[in-house]
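Beneath this line is the structure, given in structure tokens, with notes to follow.
The values are calculated or read from the model by the stated rules, or taken from the named source; none is laboratory data. Just so we're clear, the structure is a prediction, and the values are computed from it rather than from any experiment. As a convention, Cβ positions derive from the backbone with ideal geometry for all residues, glycine included, and neighbour counts pool all protein chains shown.
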Amino acid sequence: MATAAACVLLASPFTGAPLRHPCQVISARRGPRRAGLAAAGGGSPRTVLVTGAGGRTGQIVYKKLKERAGQFVGRGLVRTGESKGKIGGGDDVFIGDIRDPESIAPAIEGIDALIILTSVVPKMKPGFDPSKGGRPEFYFEEGSYPEQVDWIGQKNQIDAGVEAAEQYLVDSGLPYTIIRAGGLQDKDGGLRELIVGKDDEILKTETRTIARSNVAEVFIQALLFEEAKFKAFDLASKPEGEGTPTTDFRALFAQVNSRF
């Protein structure tokens, strides 16, 4: 198990009670290099908040946390009541807008770890006819541009987990793990051998996809092992039937030697 690494208090602009010590942060964002960052720490069971818990990957991570009640107390943060209902609608699911720091403060109060799975979702412009060839055009809804969600929204969340954070996450001084997953697939997890690389090496091969459930599992395992600290890696999986499904995550993290 990872040992305690840092003491983190609730940061400005929030005014609630401090976070428990130590607090861990995992962040994920869309794009060519989807990233997850985890600061290693201790404590069991730890209270873990998943933001973006109503999304496809977020739902999987939230479910996995709830299934491991002996290790984690899972919380979820969603944007609407409809999304809250999708994941059970319990008292541990909070409604808030990551663009509004005050609205997410109640969800973050008292947590030990934060998993950030919020991201912008582009929408296809109406009128596209695939039979006519060409490429569809996409747009972002007002108030949901990448700058507002992926930058300001994640910054607000990280501010809540790192006191006086100036450089955020890696530069905060907290131990971290950066996970850059390949193309996400809606397939069952636990059936494939996971592979790691660095500097987008995996993107140059035919093996550059991974099931969302596998990514969710790696996020959680990164909270548990000392071998995941201060490391960064690309993550994908072999096709089902090739190799042996990964179960030894300590060994997986031990393969990595790159720090960023």
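A few points about this structure:
Residue by residue, here is whether (1) crowded, with 18+ Cβ neighbours inside 10 Å; (2) among the β-branched types (Val, Ile, Thr); (3) in contact (Cβ under 8 Å) with a residue 24 or more places away in the chain holds:
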position	(1), (2), (3)
Leu65	yes, no, yes
Gln71	no, no, yes
Thr80	no, yes, yes
Gly85	no, no, no
Asp91	no, no, no
Pro101	yes, no, yes
Ala107	yes, no, yes
Ile115	yes, yes, yes
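- Every condition in (1) in contact with a helix residue (DSSP H, G or I) (Cβ under 7 Å, 6 or more places away or on another chain); (2) among the aromatic types (Phe, Trp, Tyr); (3) modelled with pLDDT of 90 or more holds for Phe14 except the one numbered (3).
- Residues in the stretch 105-118 include at least one that is part of a loop (DSSP other than H, G, I, E, B), under 20 Å from Ser213 (Cα atoms) and either at pLDDT below 90 or not acidic (Asp, Glu) (or both).
- Search result, residues across the stretch 59-78 that are over 13 Å from the mean Cα position of the chain (by Cα) and within 15 Å of Ile108 (Cβ to Cβ): Val73, Gly74, Arg75, Val78
- Counting only residues that are within 20 Å of the chain's Cα centre (by Cα) and small (Gly, Ala, Ser), the stretch 227-249 holds 4 of them.
- Some residue of the stretch 32-47 being of a type in the set (A, V, I, L, M, F, W, C), within 24 Å of Gly183 (Cβ to Cβ) and either at pLDDT 90 or above or surrounded by fewer than 16 Cβ atoms within 10 Å (Cβ to Cβ) (or both): no
- If you go through the stretch 45-63 and keep only what is more than 14 Å from Gly88 (Cβ to Cβ) and of a type outside the set (Val, Ile, Thr), you end up with Pro45, Arg46, Leu49, Gly52, Gly55, Arg56.
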